[in-house]
Amino acid sequence: MEPGARDATAGAPYVEASRVKKKNSKEDKQETLSPSEQTSAMKRLFGFEKEDISSWHRLVCLLNRPTDPASLGIFRFLFGMLMALDITQERGLSHLDYKYLDGAPVCRFPLFNFLKPLPMDWMFFVYFVMFLGAVGIMLGCFYRLACLMFISTYWYVFFLDKTTWNNHSYLYGLIGFQLTLMDANRYWSVDGLRKPRKRNAHVPLWNYTLLRTQIFIVYFIAGVKKLDADWVEGYSMKYLAHHWLFDPFKLILPVELISLMVVHGGGLILDLTAGYLLFFDATRPVAFFFVSYFHCMNSQLFSIGMFSYTMLATSPLFCYPDWPRRFFGRFPEFLQPILNRRPCWEEI
């Protein structure tokens, strides 16, 4: 046997031993990885495994997975506050005597033409009940009753006059109905103070899924509606390019290109992609910037009441549900009981 071959043969057990040792060290390292480091790419991307949707039973279990109620509670608070403001403005409480003036012509919805306005004093009472419902939603006080007070009177007022119909008014009613089905009073609520067992208790994942799906539909359908020739060719909102909000763009682009590329092209792309971009962690910061900029501009361009601010309030729903706890965790310790930062599973 040649010396080189002998040395190689003699060293084989040591080489093999080193390989086994290296393999064992890799296995030990994998065992010591935290659960977050061991999660699959699909779970990191979508928040669930492929097996979670492999059958109806698994899907139901996924949708009922216990989830932090913090983000939902913040949205409930903001939605109730914005609806309370909307009632005095776009719903017409501030000019109720003019809106339901006796003998004023009205246009009814098909199938709902049997609805008639009540006498003026009772219409004020209807609006008062709706306002109390919105405030109750905001505070999470007698939450389920507050939701019923709000949506019953809201839809009644909504169906009284077809001429006041618009997309976002319809959306408010849908969100109000969806909140009625949810447990949005588990965080930042008076009900949580009244009943400690509700305070910070988990909510099922479908509470978030339903609202996220609703907002995705709002954006995507708005994008689909913009695929007509007038919008794509830049004619629908041509006058908007002259608004002062677009002055920064005028430093680099002529008005015609601002209208075509920024107003029409940007609006089309944003609506078609916003729902997707908000869903994924990697693209969410970019989506937050453009969506927030878009809605802030709309609040100045159009008289659409609380719609822009309501859509801004929906954006955090796409974040991790515990984001309010992490955000409020930066506040001084003496404010923590007020901010209700600690979840119930840490209080036990």
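The values are calculated or read from the model by the stated rules, or taken from the named source; none is laboratory data. Just so you know, these numbers come straight off a predicted model, no measurement behind them. Cβ atoms come from the backbone with ideal geometry, glycine included; neighbour counts cover every protein chain shown.
Annotations
- Condition check for residue 14: modelled with pLDDT under 85 and either at positive phi or surrounded by 17 or more Cβ atoms within 10 Å (Cβ to Cβ) (or both): no
- Boolean, residue 80 is within 15 Å of residue 169 (Cα to Cα), at pLDDT 95 or above, touching a helix residue (DSSP H, G or I) at 6+ places or on another chain (Cβ under 9 Å) and not charged (D, E, K, R): yes
- For segment 128-246, the helices (runs of 4 or more DSSP H) that sit wholly inside it and include 1 or more residues that are crowded, with 19+ Cβ neighbours inside 10 Å are 143-160, 167-181, 190-194, 206-225.
- Any hit, segment 184-196, residues being within 30 Å of residue 93 (Cα to Cα) and out of contact with any helix residue (DSSP H, G or I) (no Cβ under 6 Å at 6 or more places or on another chain): yes
- Total residues in segment 284-331, condition surrounded by 14 or more Cβ atoms within 10 Å (Cβ to Cβ) and either at positive phi or β-branched (Val, Ile, Thr) (or both): 5
- Looking only at residues in segment 84-127 that are of a type in the set (A, V, I, L, M) and in a loop (DSSP other than H, G, I, E, B), the one that is modelled with the lowest pLDDT is 104.
- Failed criterion for residue 98 (all others in (1) surrounded by 20 or more Cβ atoms within 10 Å (Cβ to Cβ); (2) over 24 Å from residue 143 (Cβ atoms) hold): (1)
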